[in-house]
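Just so it is clear, none of the values below were taken in a lab; they were calculated from the coordinates. Everything numeric here is computed off the predicted structure, so don't read it as measured data. Note that we place each Cβ from the backbone using ideal geometry, even for glycine, and neighbour counts take in every protein chain shown.
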Amino acid sequence: MLVKDGTETGTNVPHDVGTSATIVGHTPLEDGRSFIVVRGVRRFRLDAVDSEAEPYLVGDISWLDDEEGAGSEQLADAAADGFSEYLNGIVAATKEPRTEASETAEMRQGTPRDVAYRVAAGLAIEADERQRLLAATTVDDRLRSVVRLLERENSLIRELLLRLNTSGEGPTMN
């Protein structure tokens, strides 16, 4: 869970909404720690914290379901389109080799819920913005927020590309 107040180690207050996760990869580090990669599985609400449990946060949770709304399909399409523009902009700004079209096509696979989480996971955004996406009560709300974030990020990337292009340092975004 993301810490709302305090430090990761020591006294802290977590956010109310978190996600269970599965470890999908790990790399041991020389100092005995490990770099781990996880995939979120299911959202939960933290109902109570056991203040006596140490050294790990222990609490009671309630599982949360993701309800879709009437506009989920259209919002998922808008999010996938915006994410494709986002990836193309990053590739153009960093002058990295083009990614395969199948990578952006994968964003559209599955349910609107899948699209919302997949796109949100691919955005380079602050932890508090990720937390707001996770805490959204419906798939529609999450997708609307993702689309707004993509509009903001794509605007910033377009501005960056314009500046790079004006200075003769970069390509333009499609």
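Structure values in brief
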item	result
Filter result for Asn165 (part of a helix (DSSP H, G or I), touching a helix residue (DSSP H, G or I) at 6+ places or on another chain (Cβ under 7 Å) and more than 23 Å from Asp16 (Cα to Cα))	no
Search result, residues across region 33-61 that are among the small types (Gly, Ala, Ser) and within 13 Å of Thr19 (Cβ to Cβ)	Gly40
